[in-house]
Amino acid sequence: MVKQSQSEYGAENIQVLEGLEAVRKRPGMYIGSTGPRGLHHLVYEVVDNSVDEALAGACTRIDVTIHKDNSVTVIDNGRGIPVEIHKKEKKPTVEVVFTILHAGGKFGGGSYKVSGGLHGVGISVVNALSSRVEVEVTRDGEVNAMAFERGITKEKLKKVSSASPSKHGLKVTFWPDPEIFTETVVFNKDILINRLREMAFLTKNLKIVFTDEREEDPETHTPYSQELCYAGGVVDFTKFLNEGKEVLAGLSKPIYFETIDEKIGEMEIALQWNTSYYGQTLAFANNINTTEGGTHLDGFKNALTRVINEYARRLNILKEKDENLSGEDIREGLTCVLSVKLADPQFEGQTKTKLGNTEMRTFVQQSVVAGLSEYLEEHPNQTKIIINKAAQALKARQAARKARELTRRKGALESSTLPGKLADCSIRDASLTELFIVEGDSAGGSAKQARERSFQAILPLRGKILNVERAGQHRALSSETISSLITAIGTGFGDEFNIEKARYHKVVIMTDADVDGAHIRILLLTFFFRYMPEMIYNGYIYCAQPPLYRLKVGQGKKNMQYIYSDEALSTETSKIAEGTKYEIQRYKGLGEMDPEQLWETTMEPSNRTLLQVTVEDAQGAEKIVSDLMGDFVEPRRNFIQKNAKDVRFLDI
């Protein structure tokens with residue numbers, strides 16, 4: 001080991017970052033990433049401040065607009081940030097809020113009883129990571145404005161006009177900095193709408209108007225606009241999540257109750273069971289989606305399991321010798337929205353994905369025990385239906401135990417436990433290995449010959465994989481194809497899933513470039529989303545992009561190129577001079593390629609194109625999977641009619 005001398009590490013090596021420099025130096029610490037997720041997080045931070053005004057009872061409307069240059073404006077009718085000189089900082093308070101981390105009105109003093117943006121870094125981080133920010137504050141009969149560039153004040157606060165004394169609010173326009181967001185500065189409309197809809201559901205009667213000036217409404221020839229406002233709050237949210245699903249008989253109206261404790265906070269919850277095999281519980285703290293759960297979710301799950309088991313035994317649906325219903329049994333088909341609000345939330349990290357307040361566990365647990373017990377007591381018919389659904393899930397779980405055992409790896413997955421058709425790779429470092437899932441023996445044979453055996457494994461599938469959206473766990477695990485997939489990947493699934501046991505950090509779905517191939521691809525993606533969602537969230541799932549055509553102009557291999565779309569083929573053929581002979585080969589399946597062609601077009605790392613499967617919005621993904629792969633035809637038809645214009649039809 002090389003030892004450094006003391007002279008190489010002195011005071012000059014200690015770097016002090018001034019103002020918002022730290023944010024620009026390490027943006028991922030504050031917004032998670034500088035990719036699309038972090039980009040959209042900027043909008044959330046600005047809107048969160050406006051929603052906090054609504055939670056304080058000071059705001060009834062928020063307008064969010066994406067402009068043609070991909071700048072974003074957020075306007076609210078809240079109180080507006082104070083503009084008077086800050087006593088300590090000797091500059092306008094609004095400037096302090098936009099330029100100093102941990103400066104805000106949420107650390108005491110009673111300005112905000114409940115807030116999601118308690119770290120006080122949100123709006124200043126947006127300022128630091130934007131090439132320009134323009135601010136207008138309306139309050140006390142004046143409109144004052146100022147501007148910043150990359151976190152530095154460029155235009156000092158000044159009065160720009162007078163306003164009615166009754167008018168108040170804040171307007172923020174920002175341009176994401178392409179120096180920070182090098183991947184893209186283009187906002188995705190659907191991602192933003194899903195998040196804004198969520199905020200509207202969680203704040204009763206708050207009107208959020210979203211406008212996208214980049215897109216024109218074909219009927220009105222005005223910019224696309226959508227108004228989001230829900231009087232029913234979490235009840236409407238639960239109904240929305242269950243659209244297109246068959247709810248249990250007698251449960252057309254979600255179960256709802258709320259509890260308020262002056263010292264601890266508030267809790268409201270809506271529950272509604274459907275006939276599907278999958279549940280969805282969304283937990284929020286001060287309108288922040290706590291995707292990693294926390295104490296409030298723990299309290300809910302404990303209470304739900306306890307109460308349902310008590311009633312199951314009281315009604316003799318569970319006999320004395322029967323094992324208890326598990327939480328998983330009870331939550332099968334359950335759609336639930338849990339929302340808590342508290343004055344001093346303890347979130348883990350700036351992205352606020354887990355709630356840590358211990359008092360919330362007891363508060364929610366006691367509230368759910370009381371509220372759910374009261375409902376079950378007053379609705380005996382619905383109680384029996386709910387418990388019978390869970391009891392059926394218990395029987396299916398018991399029947400699936402044997403099938404589950406077949407999918408478990410032994411030790412490091414000895415060769416005797418590998419799926420028979422898996423051609424494994426020799427390297428054991430999972431971070432370096434790839435598993436290609438291919439359809440059929442023909443494509444499998446070609447892929448096995450084409451691969452680089454040291455780090456690429458091949459698993460051929462026989463026929464189409466089962467649609468797990470319409471099948472219970474027992475039936476799914478009885479499928480040889482599914483059990484082979486689970487065994488080969490090595491993580492297990494469900495409660496036993498362990499991402500650290502993944503044998504490959506790239507699982508590549510490689511199917512034919514036709515309708516059948518697309519169908520198999522979506523069936524596989526449905527399987528991963530339902531049984532191994534963490535593989536998607538960790539970026540381990542990919543889709544290969546095999547070519548559609550081979551174009552050969554004249555003689556010799558140098559004059560040959562692979563084409564991946566009809567549009568590209570049209571472009572390339574239009575370049576060919578008149579009278580020049582050329583040949584087009586259409587690949588209808590991977591099996592039509594010889595190993596060399598498959599390697600150089602689809603499997604060779606430096607030349608191939610892989611699409612990484614990501615889920616920016618788990619709630620939106622849940623709804624799409626349910627609509628497209630579930631039992632109901634109507635949601636599927638509506639989706640196809642709405643999106644058909646964006647589909648590239650393939651020559652079958």
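Among the conditions (1) closer than 23 Å to Met360 by Cβ; (2) open to solvent by 10 Å² or more (accessible area, probe 1.4 Å); (3) among the small types (Gly, Ala, Ser), Ser326 misses just one, which is (1). Restricting attention to segment 591-616, the residues being outside any loop (DSSP other than H, G, I, E, B), of a type outside the set (Val, Ile, Thr) and within 32 Å of the chain's Cα centre (by Cα) number 4. Taking the numbered list (1) without any contact (Cβ under 8 Å) to a residue 40 or more places away in the chain; (2) open to solvent by 20 Å² or more (accessible area, probe 1.4 Å) in turn, Ser442 passes all entries but (1). Scanning segment 480-493 for residues that are of a type outside the set (A, V, I, L, M, F, W, C) and surrounded by 17 or more Cβ atoms within 10 Å (Cβ to Cβ) yields Thr481, Ser483, Ser484, Thr487, Gly490, Thr491, Gly492. Looking only at residues of segment 23-44 that are open to solvent by less than 10 Å² (accessible area, probe 1.4 Å) and in contact with a helix residue (DSSP H, G or I) (Cβ under 8 Å, 6 or more places away or on another chain), we find that the one that is farthest from Lys204 (Cα to Cα) is Val23. Could we say that Glu348 is surrounded by fewer than 15 Cβ atoms within 10 Å (Cβ to Cβ), under 30 Å from Leu101 (Cβ atoms) and not β-branched (Val, Ile, Thr) here? Judged against the criteria, Glu348 is a match. Does Thr182 satisfy being farther than 29 Å from Val337 by Cα, in contact (Cβ under 8 Å) with a residue 40 or more places away in the chain and surrounded by fewer than 16 Cβ atoms within 10 Å (Cβ to Cβ)? Answer is yes for this residue.
Just give me the residues in segment 206-221 being at pLDDT 95 or above and either among the hydrophobic types (A, V, I, L, M, F, W, C) or open to solvent by 10 Å² or more (accessible area, probe 1.4 Å) (or both), in sequence order. If you could, list the steps in order and put the result at the bottom.
Here is the first cut: in segment 206-221, the ones at pLDDT 95 or above are 206-214.
Within segment 206-221, Leu206, Lys207, Ile208, Val209, Phe210, Thr211, Glu213, Arg214 meet the criteria.
Residues in segment 230-244 that are open to solvent by 10 Å² or more (accessible area, probe 1.4 Å) and either more than 21 Å from the chain's Cα centre (by Cα) or acidic (Asp, Glu) (or both) were compared, and the one that is nearest to Met532 (Cα to Cα) is Glu243.
For segment 27-83, a residue qualifies if it is among the small types (Gly, Ala, Ser), in contact with a strand residue (DSSP E or B) (Cβ under 8 Å, 6 or more places away or on another chain) and either free of Cβ contacts under 8 Å to residues at least 40 places away in the same chain or in a helix (DSSP H, G or I) (or both), and the qualifying residues are Ser50, Ala54.
Condition check ((1) in contact with a strand residue (DSSP E or B) (Cβ under 6 Å, 6 or more places away or on another chain); (2) under 26 Å from Ser442 (Cβ atoms); (3) surrounded by 13 or more Cβ atoms within 10 Å (Cβ to Cβ)) across all residues:
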{"position": "Gln561", "(1), (2), (3)": "yes, yes, yes"}
{"position": "Thr571", "(1), (2), (3)": "no, no, no"}
{"position": "Gly579", "(1), (2), (3)": "no, no, no"}
{"position": "Tyr587", "(1), (2), (3)": "no, yes, yes"}
{"position": "Met593", "(1), (2), (3)": "no, yes, yes"}
{"position": "Leu598", "(1), (2), (3)": "no, yes, yes"}
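Yes or no: segment 256-266 includes at least one residue that is open to solvent by less than 40 Å² (accessible area, probe 1.4 Å) and small (Gly, Ala, Ser). Yes: segment 256-266 contains one or more residues that are open to solvent by less than 40 Å² (accessible area, probe 1.4 Å) and small (Gly, Ala, Ser).
Condition first: open to solvent by 30 Å² or more (accessible area, probe 1.4 Å) and of a type in the set (S, T, N, Q). Now tell me which residues in segment 285-301 satisfy that.
Here is the first cut: in segment 285-301, the ones open to solvent by 30 Å² or more (accessible area, probe 1.4 Å) are 289, 291-292, 298, 301.
Result: Asn289, Thr291.
Only one entry in Glu500, Glu496, Glu452, Glu434 is at pLDDT 90 or above, closer than 19 Å to Ile536 by Cα, open to solvent by 50 Å² or more (accessible area, probe 1.4 Å) and of a type in the set (D, E, K, R), namely Glu500. In this structure, Thr281 does satisfy being open to solvent by 40 Å² or more (accessible area, probe 1.4 Å), touching a Cys at 6+ places or on another chain (Cβ under 9 Å) and within 25 Å of Tyr256 (Cβ to Cβ).
Val307 fulfils the conditions (1) touching a residue at least 24 places away in the same chain (Cβ under 8 Å); (2) among the hydrophobic types (A, V, I, L, M, F, W, C); (3) open to solvent by 40 Å² or more (accessible area, probe 1.4 Å) except for a single criterion, (3).
The values are calculated or read from the model by the stated rules, or taken from the named source; none is laboratory data. Computed from a prediction, not measured in an experiment: that's the story for all the values here. Glycine also receives a Cβ, built like all others from the backbone with ideal geometry; neighbour counts cover every protein chain displayed. Protein only, heavy atoms only, side chains kept; ligands, DNA and RNA dropped before computing areas. Shrake-Rupley method; radii C 1.70, N 1.55, O 1.52, S 1.80 Å.
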